[in-house]
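Comments concern the structure below.
Just so it is clear, none of the values below were taken in a lab; they were calculated from the coordinates. These numbers come from a predicted model, not from an experiment. FYI the Cβ positions are ideal-geometry reconstructions off the backbone, even for glycines, and counts take in every protein chain you see.
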Amino acid sequence: MTKFLGVLLGVLILGICGLCAKQWVRETELHTSLKAVEALLDDEVAKHRATAEKAAAWEKEIKQLTLRIDEQGLKIAAQEQEANATKLQLAEVTARAEQLQKKLAVNATGMEESKEAMATQNAAVTAQNEAIKKQNETIEKQNQMLKDLAVERDGVVTKLNTRMTEYNDLMTKYNELAKKAGQ
């Protein structure tokens, strides 16, 4: 019976040794798999951080462009006020021209007065034409500036939308990896 117990004890010891060896191999494989998943997770986290930094930079750029557009809007408002002032001057010049025409009609007999009135009227019309030309040039410049800013803003917004789509895809992959790593 003692011999039987000795043999049984030896078999049990060998069985426990085999079980330990099997568990050791399994733990080594799990550790290797865990290292690979951690490396993938680290890569995804780095990509996530880089994308978040880019998104923050683009948001800052969009804010700067918005400020520039606001500044241009203020400039345009000031130029519109200048245009309104020019219109008032035009109305004054027109009224003055009408007065001079009336004076010219009344004093038709006085040729010298007629010539002076005509010269004054012509000078007023020439001055008003110059003011209108300036106003038109200013408006054309403003329109071009607004078009350029709108094109630039549209480009940045398109880039931001593309990056946000990439960011969302990255987050989906990150969440899937996180779920796999958690299981």
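Structure notes:
- Cβ-based net charge around residue 169, under 12 Å, with every Lys or Arg adding one and every Asp or Glu removing one: 0
- Cβ-based charge dipole, the chain, positive-most Cα from 7, 48, 105: 7
- Gaussian network model of the chain, Cα within-10 Å springs - most flexible of 103, 22, 63: 22
- Among 139, 62, 16: highest mean-square fluctuation, GNM of the chain, C-alpha pairs under 10 Å: 16
- Across the chain, the convex hull enclosing all Cα atoms gives 98 Å³ per residue.
- The simple Förster model, with R0 at 41 Å and r as the Cβ-Cβ distance, assigns residue 74 and residue 133 a FRET efficiency of 0.95.
- For the pair the stretch 23-78 and the stretch 147-175, the centres of their Cα atoms are 12 angstrom apart.
- For the stretch 37-135, the calculated P(r) over all alpha carbon pairs, in 10 Å bins from 0 to the bin holding the longest distance, is 13, 21, 15, 12, 10, 9, 8, 6, 4, 2, 0 percent.
- Here the extension length gained between residue 116 and residue 28 equals 20.7 nm, from 0.36 nm per residue of separation less the Cα-Cα distance.
- Highest mobility in the GNM of the chain, judged by mean-square fluctuation with C-alpha springs under 10 Å and restricted to 146, 19, 170, is found for 19.
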